[in-house]
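Structure record follows, encoded as structure tokens.
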């Protein structure tokens, strides 16, 4: 607090950094043109007007600041190397220099045994046939420097693209990269501090035309093991460089579930905007804490709720993007506009964050906004996106050995519906479909299911077998058969061996199974816990009303009424 | 968007309003002194310098703005009534005028049948004996106007307080108020829009020396029925006034669970700061949306997670309060400092918000910060606060009807210890200590307990009775008695009526009860879930080893070995 942080660049990243700094009475001094986004929300006369590539302006900024940092990596590094002798600069100018040249960045990563896509440096267009021979089509042609938001990448699909690709990427030094047949793009924001390296959650990024469109936190359908591997790889990649602060690591997830590092940005990043609402601490707070040696308790980097970030990009007119912002206000998005004035096609004008208790709800909320995004950016309305997930992803799985158990299980399903608990109902048998049953149970936890209810009759192995294939709590409902009154099922379900518990409820009592599932989810979800309370209150009121009626009518008349109802 | 909002006052409320406005490219123009907190984060030359009681300055502000609003109600209302003929003013000057005089505010509420504490307007100190005769001691003496943060309230406890009370409250017009023997203070932020009246959740406020210290959202231990009543009453109270925007309604909860309105503030309020992190939309966003006719989807007012707000008040030195801010950064709080320069005793310098998946976790996180708050404000170190939770508050309660059940329950307790799950073990009987049992069960959820394991034999009522007094999941362990082999206990525990589930495990199988508790806690706790997985892997390894040994030795030798062990 009471510190002065000089920032090279005054765009939206600096602006969101300033938001975090304002809350801590930390002064942000920006080097950029007059009225830049960062300067709009930091009112003081010490900002520096000029370019973050101008040595004199950078020197002036350093004189006014306790520490220097960047919000864009395309800065004059030589001056920063001179300045760091007297004023701390984070990340280190040496790291910025390496990262500025994406091919050199890649060489450093390879030297530290960080897996990356294979690359070849190019001297001229003449090298391309050789590259095509080596990599096959398609492959990526990339500018080594000054590349951002897709301006610097070209997908070469055939011989005839060569000239277009070179023309598009201009005079810069280029390199070619083998196409990574990724199933998903992942990203992790990593923080280097004086005490070590920390990571935010693993997120899924969706790019269109090489510009980030959507970020899903956490990455959808990615196991915790792979998420952990991505965090570990991201930390390893960042540890190749020096200097405190936040770094973005973009990765490819390949079909065999291995990971490649795509590229690194030594600053706050679009893929980390979700942290403002999504985590206990944002990437901007984390960056300030890191460069000022303030503490970063690791649990503040956890995700509070599933979150989706949708960029607000400019459209064909100066204010086309405002339609998306306005629609987000009317729905479920938190809108961030960057104060950048007029929009232009593909320019980042703001972003929207949607958070919800489940990813399925967040997806449902963001879906109509994605359609408006598509309309603004393409200028035409788009019909339902094909990869839109439709219904809410289930929290409870209701399994039964046979459809003949459905009448028994139905009362519980009604309770789940009443409580608005997303659920799936499946027929799977421990004896007839043992592989499907085992696979379903084993995958349940990664699908976001929190409790499994299993009903079965007779030998009734289903609940116990499901419990053997999952770490989730499993509730067993003994279903009464034509003989033995359900005692057979009860014993089969409740008398599990030590080590594999099944939460057994009364014979045929699927109502209690659902209420138990609600109590279990309610342990971490106040909304559900309140519904359990209200349900109990409803039952109490009903019971009190019956007693009042009994007092009023007397036993004889009451019994008569009961007989009539039957 | 692209709108200009003039704000009378430029303190922390205006500053947090500006934070929200900045994100929407809405321009905030503040009327206050140079460098006021609001002006620090809104860089433009149009702010007005002066007092929000100065007619000329207010007129100038109106000329620059599309709409006027306030962040403090002690403004010049006559000028606003003149201005509203040409520029919208929210809330309406008429409403502000009524609310400025707290006794008049009360008369209006009474005329709309809103319950309030009984009050008597006073002309002079001579009226006090009559008030004391009517209200008894203690009663409140309050200034009708210009009261805030406790400056304007005096508790009269005895005859000898009369002179002191009058001296403390100064020359202002006063009124006396009957003491409300409240069990809790509640507050609700209410939003009036063009389309109706909406409410944020009901929160609990804790005042010390008439200054807000803590806000708990939701109010702790308050049923959803009472929370709903508080929201309804707050909306009814606000509907007595005109004009769009946000209002705070402070209420008393009385021992008979009825509510009284204490007072209303026609602006963002300290009791609503928690909404910034706690809800999907903050009170500041809601105020902007209301006065600019932007949409407010009601579900964005929901609580995302239980939240606690702790004020950062000034101490005896100019920077004493920074100790609390620094400690919060090192722990789990989001810190908001207001840019108010030097602190003074009791001055609001900032606030901290802690949110967590459960209130018990949030309480555990805020507890050490409350102790620092007390030290800063009182200037002396406080020993362990009496209601401080010890470090490891139990997540699981293991209950048994009799100590004779302990040998059976012990295997489960060993598992909890092995998994490092904090737990408490208690003897309580549904039949011998029914009140203690009921109280323990009812209070468990607020103590942070997440799962209850109850073991019982014979009639075995304990698990079911405990489940009847809590919304937590309850696991029942049937304990085998000297007759009937435990089937009596099993049936008593598992065959609960519809509506009150008990998760029953096998007879005597407390191991599985503990493993089930671990699976339940693991739903929201990856560490525990991993332990469950590792435990299962351990069992699998053991079983595989046994099979390997059997293959090696053959059945005969293996059986011989087993016989020897016995």
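Looking at A:234, A:217, which one is touching a helix residue (DSSP H, G or I) at 6+ places or on another chain (Cβ under 7 Å) and at pLDDT 95 or above?
On the way: A:234 fails: touching a helix residue (DSSP H, G or I) at 6+ places or on another chain (Cβ under 7 Å).
On inspection, the qualifying residue turns out to be A:217.
Just one of the numbered conditions (1) touching a helix residue (DSSP H, G or I) at 6+ places or on another chain (Cβ under 7 Å); (2) part of a loop (DSSP other than H, G, I, E, B); (3) within 10 Å of chain A (Cβ to nearest Cβ) is not true of residue B:430; which one?
With respect to (1) touching a helix residue (DSSP H, G or I) at 6+ places or on another chain (Cβ under 7 Å); (2) part of a loop (DSSP other than H, G, I, E, B); (3) within 10 Å of chain A (Cβ to nearest Cβ), residue B:430 is out only on (3).
Which helices (runs of 4 or more DSSP H) sit wholly inside region A:214-328 and have at least 2 residues that are assigned by TED's automatic domain parsing to the domain that holds residue A:67?
On the way: elements: A:224-238, A:275-278, A:283-291.
Ranges flagged: none.
Would you mind telling me which numbered condition in (1) at pLDDT 95 or above; (2) under 19 Å from residue B:180 (Cβ atoms); (3) not in a helix (DSSP H, G or I) residue B:110 fails?
Every listed condition holds for residue B:110 apart from (3).
Could you check region A:141-169 and list, in sequence order, the residues that are touching a helix residue (DSSP H, G or I) at 6+ places or on another chain (Cβ under 7 Å) and in a strand (DSSP E or B)?
Answer for region A:141-169, where residues must be touching a helix residue (DSSP H, G or I) at 6+ places or on another chain (Cβ under 7 Å) and in a strand (DSSP E or B): A:141, A:142, A:143, A:154, A:156.
Determine if region B:336-347 includes at least one residue that is assigned to a strand (DSSP E or B), facing another protein chain (nearest Cβ under 10 Å) and buried (at least 19 other Cβ atoms within 10 Å of the Cβ).
Within region B:336-347, the subset assigned to a strand (DSSP E or B) is B:336-337.
Imposing the further condition that a residue be facing another protein chain (nearest Cβ under 10 Å) reduces the set to B:336-337.
Those left that are additionally buried (at least 19 other Cβ atoms within 10 Å of the Cβ): B:336-337.
Yes, because at least one residue in region B:336-347 is assigned to a strand (DSSP E or B), facing another protein chain (nearest Cβ under 10 Å) and buried (at least 19 other Cβ atoms within 10 Å of the Cβ).
Please go through region B:170-189 and give me each residue that is exposed (fewer than 14 other Cβ atoms within 10 Å of the Cβ) and either in contact with a helix residue (DSSP H, G or I) (Cβ under 8 Å, 6 or more places away or on another chain) or under 17 Å from residue B:137 (Cβ atoms) (or both), ordered by number.
Passing the criteria: only B:181.
Answer yes if at least one residue in region B:10-25 is at pLDDT below 95, assigned to a loop (DSSP other than H, G, I, E, B) and under 33 Å from the mean Cα position of the chain (by Cα), and no otherwise.
Let us first name the residues in region B:10-25 that are at pLDDT below 95, namely none.
No, region B:10-25 contains no residue that is at pLDDT below 95, assigned to a loop (DSSP other than H, G, I, E, B) and under 33 Å from the mean Cα position of the chain (by Cα).
Does residue B:299 fit the bill of being modelled with pLDDT under 95, under 30 Å from residue B:5 (Cα atoms) and either under 23 Å from the mean Cα position of the chain (by Cα) or more than 9 Å from every other protein chain (Cβ to nearest Cβ) (or both)?
Taking the combined requirement at face value, the residue satisfies it.
Could you please give the count of residues in region B:61-82 that are assigned to a helix (DSSP H, G or I) and in contact with a helix residue (DSSP H, G or I) (Cβ under 7 Å, 6 or more places away or on another chain)? I'd like the intermediate steps shown before the answer.
Our first condition is that a residue be assigned to a helix (DSSP H, G or I); within region B:61-82, this holds for B:61-64, B:77-82.
If we keep only those that are in contact with a helix residue (DSSP H, G or I) (Cβ under 7 Å, 6 or more places away or on another chain) as well, we get B:62, B:77, B:79-81.
Residues in region B:61-82 being assigned to a helix (DSSP H, G or I) and in contact with a helix residue (DSSP H, G or I) (Cβ under 7 Å, 6 or more places away or on another chain): 5 in total.
Touching a residue at least 40 places away in the same chain (Cβ under 8 Å) and away from every other protein chain (no Cβ under 11 Å): which single residue out of B:288, B:313 fits that description?
Details: B:288 fails: away from every other protein chain (no Cβ under 11 Å).
Going through B:288, B:313 in turn, the sole match is B:313.
Output the number of the condition that residue A:414 fails; it satisfies all remaining conditions of (1) outside any helix (DSSP H, G or I); (2) touching a helix residue (DSSP H, G or I) at 6+ places or on another chain (Cβ under 9 Å); (3) surrounded by fewer than 17 Cβ atoms within 10 Å (Cβ to Cβ).
For residue A:414, the exception is condition (1).
Kindly check whether there is at least one residue in region B:217-239 that is in contact with a strand residue (DSSP E or B) (Cβ under 8 Å, 6 or more places away or on another chain), farther than 30 Å from residue B:356 by Cβ and without any contact (Cβ under 8 Å) to a residue 24 or more places away in the chain.
Looking through region B:217-239, none of the residues is in contact with a strand residue (DSSP E or B) (Cβ under 8 Å, 6 or more places away or on another chain), farther than 30 Å from residue B:356 by Cβ and without any contact (Cβ under 8 Å) to a residue 24 or more places away in the chain.
Within region A:193-206, can you find the residues that are touching a residue at least 24 places away in the same chain (Cβ under 8 Å) and under 14 Å from residue A:253 (Cα atoms)?
At the first step, the residues of region A:193-206 found to be touching a residue at least 24 places away in the same chain (Cβ under 8 Å) are A:193-194, A:197-203, A:205.
Of everything in region A:193-206, those that are touching a residue at least 24 places away in the same chain (Cβ under 8 Å) and under 14 Å from residue A:253 (Cα atoms) turn out to be A:202, A:203, A:205.
Residues that are facing chain B (nearest Cβ under 7 Å) and within 28 Å of the chain's Cα centre (by Cα), at least 2 per element: which helices (runs of 4 or more DSSP H) completely within region A:445-545 meet that?
Qualifying helices (runs of 4 or more DSSP H): A:510-522.
Would you pick out the residues in region A:49-59 that are away from every other protein chain (no Cβ under 14 Å) and without any contact (Cβ under 8 Å) to a residue 24 or more places away in the chain?
Of the residues in region A:49-59, the ones away from every other protein chain (no Cβ under 14 Å) are A:50-59.
Selection gives A:50, A:51, A:53, A:54, A:56.
Which one of the conditions (1) more than 21 Å from residue B:201 (Cβ to Cβ); (2) surrounded by 22 or more Cβ atoms within 10 Å (Cβ to Cβ) does residue B:273 fail to meet, given that it meets all the rest?
Of everything listed in (1) more than 21 Å from residue B:201 (Cβ to Cβ); (2) surrounded by 22 or more Cβ atoms within 10 Å (Cβ to Cβ), residue B:273 misses just condition (1).
Identify all residues within region B:20-40 that are in contact with a strand residue (DSSP E or B) (Cβ under 9 Å, 6 or more places away or on another chain) and facing chain A (nearest Cβ under 8 Å); write none if there are none.
If the condition is that a residue be in contact with a strand residue (DSSP E or B) (Cβ under 9 Å, 6 or more places away or on another chain) and facing chain A (nearest Cβ under 8 Å), then B:22, B:23, B:24, B:25, B:39 are the ones that fit.
Among the residues in region A:476-491, are any assigned by TED's automatic domain parsing to the domain that holds residue A:506 and within 30 Å of residue A:225 (Cβ to Cβ)?
We begin by selecting, within region A:476-491, every residue assigned by TED's automatic domain parsing to the domain that holds residue A:506; these are A:476-491.
Next, only the ones that are within 30 Å of residue A:225 (Cβ to Cβ) stay: A:476.
Yes, region A:476-491 has at least one match.
Identify the residue in region A:123-140 that is touching a helix residue (DSSP H, G or I) at 6+ places or on another chain (Cβ under 7 Å) and at pLDDT below 90 and, among all such residues, is surrounded by the fewest Cβ atoms within 10 Å (Cβ to Cβ). Give the derivation first.
Of region A:123-140, the ones touching a helix residue (DSSP H, G or I) at 6+ places or on another chain (Cβ under 7 Å) are A:125, A:128, A:139.
When the remaining residues are screened for being at pLDDT below 90, the result is A:125, A:128.
Numbers: A:125: 14, A:128: 22.
Top of the filtered list is A:125.
The values are calculated or read from the model by the stated rules, or taken from the named source; none is laboratory data. Worth saying up front: this structure is predicted, and the values here are computed from it rather than measured. Neighbour counts are summed over all protein chains in view; Cβ atoms, including those assigned to glycine, are modelled from backbone coordinates with ideal geometry.
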